[in-house]
Amino acid sequence: MAKKDTKNEKKTELVHDDAEVVARVEKMMEPDTKKPQPATAEMSEPTTAPEVTELPVPKEPLKIKILRDNEAADTDEPVSAPLLTGDSAEAEGPQVPETTPEPEVLPAEADSQHVSETDGSPEDPKTAEAVEDIVRREGDELLKAEDEKLAEAFKPPAPKTFFQKLRSTLGDIWKDPRKRKVLLGSLAMLILIIGVVPVSRYFVLNTVGVRASASIQVLDKSTLQPLKNVEVTLRGVSALTDESGLAKLEKVKLGSTQLKIERRAFAVIERKVTVGWGSNPLGEERLQPTGTQYAFMVTDYLSGQGIKKAEATSGDASAFSDESGKILLTMENPADELEIQITSDGRRTETFTMSGDAKGERKIQMVPARKHAYISRRDEGRYDVYAAYADGKEETLVLKGTGNERDDIVLVPHPTDDVIALVSTRDGKHNEDGYLLSTLTIVDLRTKSSETVQSSERIQLTGWFGDRLVYVRVVSGASAGNPQRNRLMAYHYKDDTNNELAASNYFNDVMAVRDRIYYAPSGAYQNGVNVSLFSVKADGSDKKIILDKEVWNMFRTEHDHIALAAPGAWYDYRIGDERPVKLGGEPARLTSRVFADSPNSEKSLWVDIRDGKGTLIVHDTKNNKDKTLRTQSGLKNPVRWLNDSTVVYRVKTDMETADYALSLDGGDPKKIADVTNTDGIDRWYYY
């Protein structure tokens, strides 16, 4: 009989008062019926299992003794069947073997009784000890596995997450109609409370990321004019006011908060506001000046009228003029000497210095920002290009003459840009017959740079169309009978591209009207081809035939009418119509007016001779009415616009040849400079 290994004995006490858990443990402890049950080596006769009776589930903690596979019961104790309780015992019933099994030797006893197969002698003690150690380790592993099974059986279920609990709870509530109604009612009430109570409403909207915008206008309380660069702060969001005094704040949190408005030399304003959903116009605020104020009166140089929205700045201080042109500039702790700058849209910037102790009102006169360009022959034989402002100040030499110029110089300024087109013989080039060639030059008044576009026997300018200059050139060296001796060209001064719009032996007439060019090719050497009155845009697009016959002359009798002279007939063409209307005879008035449209195309200038004096007339394109601006001896073309309200005209008398500036808003004309009488855009001339 093998000794009991006290080291391998392990008693496990399981304490649990749950009948279900006890049943699970008992089931795990049931013996495998397929596996032979261990028996003592001394059993020689079959034993009968004791009668199994149903045992009640103990109320006291159940104690189970677990035997290892390598352990055997005491030899003096009979081997009994496993204890069954409850339903398990009833199901199994009495276990009585049908036959007496062969005596089975337990592993421990077999090891002790092992006899060497070779010599029949017992194994030596070392071998027995090694075998015993192997058996012990295997038993430990088996016991560990059984312990893990027991621990798993008693392991509490994993706790549910918050969302699992919430989903489970909501599912249970939703299944119950009464609870579902209560839930829906509670949600409706909660939404109503959130929507009605501002604090909760704004809290929820801010939490989900809803943001709003706000705007406010800030004025100077002393002048009621907008204040620029005023800092406005609302719920941590800041913005500066623009030229209209308007500050716009974006991505502002909702709810009640403090509005703060501050600027140097003005009293700070703080007030409580509520930012709601969407845009929030907060009205206007007027800041009280607290610093030193300086007064300026800003007027137009030509008309004498006050200039509204002129801005005076010095450092970070700024102020705008009112309707009368008055500015009150407020400064904090001004220096002994101040540098003041007055600006106004479309006018020259005026900069000056003044004492910080200056008192009283200072008068400032402003002129258009664009300079007027003209030709002056101050040195014998040289025609120079100059530019000056309307008050004659800051005159600069833009392009120095070469001494090769004839007196038939043509200068045409761009309608809006500081660029001019100049036709002269300044390059001194000649054709094969020694004839001096004309050169088209583009001059930049700001950079004083120039670019030669083309040289030809003759160049006549038609007009500017945006950035394109349209002109007619006579091809150098071409014979008189060449059907393409005259070319109608369009030069894009920014792209430096030159495109041909039409060609003919010569053109009877060419005229620029609004956004189109009207041209009448001669029938000479054309063999009846390409002989009509045409209309085309400066980019070469939208070419049309206005009259399908040769036209000898065009007379612009009114701003929107052209009289056409054709072989044996006269026509009146209203600009924009598809076809002209045939007249019964020659029109009473055949004076061709040369119109110069304003930059905004709302008005147009033209010169008429009345009672021997030149008369400058402005035509209003909206109401189709004329107004006389100036009548003066020697007043003549060319005329031009410096801006939409300031014009320049020329006077040529025995006393002077000069250019004058005049405002449509009133006032007397002011002389800009003495000039050389050169041509501009005039009616078509013939070669």
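The values are calculated or read from the model by the stated rules, or taken from the named source; none is laboratory data. Model, not experiment: these values are computed from the prediction. A quick note on method: Cβ atoms are made from the backbone with ideal geometry, for glycine too, and the neighbour counts reach across all protein chains shown.
Computed values, structure above
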| read-out | value |
| --- | --- |
| Top-ranked residue in the range 451-480 [being basic (K, R) and farther than 20 Å from R640 by Cβ; ranked as surrounded by the fewest Cβ atoms within 10 Å (Cβ to Cβ)] | R458 |
| Hits in the range 433-450 (condition: of a type in the set (D, E, K, R) and surrounded by 15 or more Cβ atoms within 10 Å (Cβ to Cβ)) | D444 |
| Residue count for the range 565-593, restricted to those that are aliphatic (A, V, I, L, M), within 28 Å of K627 (Cβ to Cβ) and at pLDDT 95 or above | 1 |
| Matching residues, the range 472-509, being closer than 13 Å to I459 by Cα and aliphatic (A, V, I, L, M) | V472, V474, V475, L488, M489, A490 |
| Residue list for the range 380-401, restricted to those being outside any strand (DSSP E or B) and out of contact with any strand residue (DSSP E or B) (no Cβ under 8 Å at 6 or more places or on another chain) | E380, G381, K393 |
| Lone unmet requirement of (1) within 21 Å of M297 (Cα to Cα); (2) surrounded by 12 or more Cβ atoms within 10 Å (Cβ to Cβ); (3) polar (S, T, N, Q) for S376 | (1) |
| Whichever residue in the range 438-483 is among the aliphatic types (A, V, I, L, M), closer than 24 Å to Y519 by Cα and part of a loop (DSSP other than H, G, I, E, B) and, among such residues, is modelled with the highest pLDDT | V475 |
| Considering residues of the range 212-253 that are closer than 18 Å to A267 by Cβ and β-branched (V, I, T) only, the residue surrounded by the fewest Cβ atoms within 10 Å (Cβ to Cβ) | T233 |
| Elements of type strands (runs of 3 or more DSSP E) in the range 492-546, at least 2 residues being among the β-branched types (V, I, T) and in the same structural domain as A563 (by TED's automatic domain parsing) | 507-513 |
| Strands (runs of 3 or more DSSP E) enclosed by the range 328-371 - at least 1 residues per element that are aromatic (F, W, Y) and in contact with a strand residue (DSSP E or B) (Cβ under 7 Å, 6 or more places away or on another chain) | 350-355 |
| Criterion: farther than 18 Å from S449 by Cβ and crowded, with 17+ Cβ neighbours inside 10 Å - qualifying residue of I409, I420 | I409 |
| Strands (runs of 3 or more DSSP E) lying entirely in the range 277-323 (those with 3 or more residues that are farther than 17 Å from N229 by Cα) | 279-287, 292-300 |
| Verdict on R473 being out of contact with any Cys (no Cβ under 9 Å at 6 or more places or on another chain) and on the phi > 0 side of the Ramachandran plot | no |
